[in-house]
Amino acid sequence: MTSASQQQTRLDKAKEIANNPSQYKVCEGCDSIVGSNTIICPNCHGYRYDAGASRVVDQAVWLGCREQTSVTSEDLH
């Protein structure tokens with residue numbers, strides 16, 4: 001279950017991404033949002049991305065409004 005502070009952090013990050021979509025892109029393998037300079041996705045090791053601003057903003061809003069379901073490297077430590 002996600003705490004209120006974790007959800008607020010997700011929303012804050014989503015706002016940051018939505019306000020600066022040119023600095024991000026969406027992995028077509030796992031739908032993660034990564035930095036625009038990323039070559040290999042750290043989550044699925046994919047290498048195909050959608051860097052369109054509308055796609056990045058839509059994905060940021062969608063991810064920011066729901067609980068985290070993916071396992072990240074921080075979860076494994």
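Considering only residues that are exposed (fewer than 12 other Cβ atoms within 10 Å of the Cβ) and assigned to a loop (DSSP other than H, G, I, E, B), look in segment 43-71 and name the one that is modelled with the lowest pLDDT. Ranking the qualifying residues of segment 43-71, first place goes to V71.
Being surrounded by fewer than 15 Cβ atoms within 10 Å (Cβ to Cβ) and in contact with a helix residue (DSSP H, G or I) (Cβ under 8 Å, 6 or more places away or on another chain) is the filter; apply it to segment 12-22 and report the residue that is farthest from V57 (Cα to Cα). If we take residues in segment 12-22 being surrounded by fewer than 15 Cβ atoms within 10 Å (Cβ to Cβ) and in contact with a helix residue (DSSP H, G or I) (Cβ under 8 Å, 6 or more places away or on another chain), then K13 is farthest from V57 (Cα to Cα).
The values are calculated or read from the model by the stated rules, or taken from the named source; none is laboratory data. None of the values given here were measured: they were computed from a predicted structure. A quick note on method: Cβ atoms are made from the backbone with ideal geometry, for glycine too, and the neighbour counts reach across all protein chains shown.
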